[in-house]
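For reference, the structure discussed in these notes is given below.
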Amino acid sequence: SVQAFNTAGKLKNFKHDVAAVTAQKAGMELVAAVDDLVNLVQEVGPMTSYLGKAEAVLAAANPWVEKVRDTRGDLLAKVTSPKHRADPSFQRSLGQTLAELKGEYQDVYLAEHKKARLGANDDKKKASLSTDPRLVQIQKLSSVEMMPTLQLRDFENRLFALKTCFSLTKHDLDADPICPHCSFRPVEEQSDAAEASVALGQLDDRLDDLIKDWTTTLLGNLEDPTVAENIELLSNPDGKKAVKQFIDDKELPEPVSPTLVKALQEVLSGLEKVVLTQEGLNDALINGGIPCTMNELKERFERYVADLTKGKNASKVRIVVE
């Protein structure tokens, strides 16, 4: 309403008195306060946006996230106070606090990234393990019906799930809180997972265990009287020789030949594989209520196995846990 009074002459028609003008002081001060707040928000906006995205990247229980929550509450209380907001020292401390949080986040993220990703040397080990002769042995044997192939699939899934990234630097995190090379987001990955390099070593050991277990499984079945007779019935002399050599050596040959695999398939074809799953066993054991007595637990287990093998020849049944 006063915008029209833009010259001294026009002010002669100004109808407002001193009191009316003075009454606008509070509104003008509010406008000034809002302007100050807008300027402050624009100044710290990029940093708070960065920290907000960083907070969503880390797990909620991470100490840095908890610190951000506490710091946010303290800073917001001061930002909403005109007295604190207008204080130049507060504005400096605000910028410094946000910068410190960003630097701390980058350190935390780099540590998490290093834990979850393979370095250059470990990547070479992973490549070597993926073509390891031991793995090739059990991969070839996985076509034999009696083998617990889920163990092999689990091993392969864990191996190939290990990701490699060794290019990330702190400078890469200046503009964005997420690795530009592998898009690592700790909140989306298992917090209790072993360090990637440690997991790789565990998989190497696991491969030894698989070779041992699969060898024991094969030998145990081949030495069964109901199966031993089938060895003499093999039509391929090379296959019969390969099976007998394996029984004598008590270890898998390197490499496992197609002839041996085919012979094992024929010899063990008379056996019936019954898969006992962890989920099915768990459901069977708790069916009827928990806690329970030892006899109740035993009866539930026996009933579960009996249901799985119903109508099958007990002497030919082979139970595989998957």
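The values are calculated or read from the model by the stated rules, or taken from the named source; none is laboratory data. Given the structure is predicted, the values throughout are model-derived calculations rather than measurements. Here Cβ is always computed from backbone atoms with ideal geometry, including for glycine, and neighbour counts include all displayed protein chains. All accessible areas refer to the heavy atoms of the entire protein, side chains included, with ligands and DNA or RNA removed. Shrake-Rupley method; radii C 1.70, N 1.55, O 1.52, S 1.80 Å.
Summary table
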| item | result |
| --- | --- |
| Furthest towards positive pole of dipole, 321, 215, 268, structure part the chain, Cβ charges | 321 |
| For segment 91-134, alpha-carbon Rg and Dmax in angstrom | 18.9, 63 |
| Volume per residue that the Cα convex hull of segment 68-208 spans, once the total is divided by residue count, Å³ | 126 Å³ |
| Choice from 257, 81, 142 with maximal GNM fluctuation in the chain (Cα, 10 Å cutoff) | 81 |
| The chain: calculated mean residue ellipticity at 222 nm from DSSP helix runs of at least 4, using -39500 (n - 2.57) | -20500 deg cm²/dmol |
| Amide proton proximity set for residue 163, modelled H, under 5 Å, gap of 5+ | 118 |
| Segment 208-322: relative contact order in percent, alpha carbon pairs under 8 Å with at least 6 residues between | 28 percent |
| Sequence of 297, 173 from largest to smallest accessible area, 1.4 Å probe | 297, 173 |
| With DNA, RNA and ligands ignored, accessible area of residue 248 (1.4 Å probe; Å², nearest 10) | 120 Å² |
| Amide H within-cut-off set for residue 184, under 5 Å, with H built and near neighbours excluded | 179 |
| Semi-axis lengths (Å, descending) of the ellipsoid that matches the C-alpha gyration tensor of segment 13-100 | 38, 12, 11 |
| Amide hydrogen neighbours beyond the local backbone of residue 274, cut-off 5 Å, H modeled | 318, 319, 320 |
| Rounded if a/c under 1.5, otherwise prolate or oblate - segment 55-108, Cα gyration tensor axes | oblate |
| Signed unit charges on C-beta, dipole axis of the chain, positive-most listed residue 311, 60, 201 | 60 |
| Stokes-Einstein D (µm²/s) once Rh is taken as the Kirkwood radius of segment 10-63 over alpha-carbon pairs, at 10 °C in 1.306 mPa s | 104 µm²/s |
| Cα-based helix-to-principal-axis angle, 258-267 vs the chain, degrees rounded to 10 | 70 degrees |
| Under the Karplus curve 6.51 cos²θ - 1.76 cosθ + 1.60, θ = phi - 60°, whole-Hz ³J(HN,Hα) for segment 308-313, x wherever Gly or Pro sits | 5, 9, 4, x, 10, 6 |
| For segment 151-286, diffusion coefficient by Stokes-Einstein and Kirkwood Rh (Cα), 25 °C, 0.890 mPa s, µm²/s | 127 µm²/s |
| Listed candidates (i) 154; (ii) 144; (iii) 272 - label of the one calculated as volume of the Cα convex hull per residue in Å³ | (iii) |
| Check: segment 72-192 dipole with +1 on Lys, Arg Cβ and -1 on Asp, Glu Cβ, in debye | 140 debye |
| Extension reserve of the residue 53-residue 167 stretch, reckoned as 0.36 nm per residue once the Cα distance is removed | 38.9 nm |
| Exceeding the 32 Å Cα-Cα cut-off - candidates 124/170; 163/250; 53/115 | 163/250 |
| Surface accessible to a 1.4 Å probe, residue 283 within the full protein complex, Å² | 80 Å² |
| Segment 285-299 - phi-based ³J(HN,Hα) in whole Hz, Karplus 6.51/-1.76/1.60, Gly and Pro as x | 6, 9, 5, x, x, 10, x, 9, 7, 5, 5, 5, 5, 5, 5 |
| Cβ-placed point charges (K, R +1; D, E -1), dipole of the chain about Cα centre in debye, nearest 20 | 1320 debye |
| Normalised contact order of the chain, rounded percent, pairs of Cα under 8 Å and 6 or more residues apart | 18 percent |
| Residue 181 accessible area, assembled protein chains, probe 1.4 Å, Å² | 100 Å² |
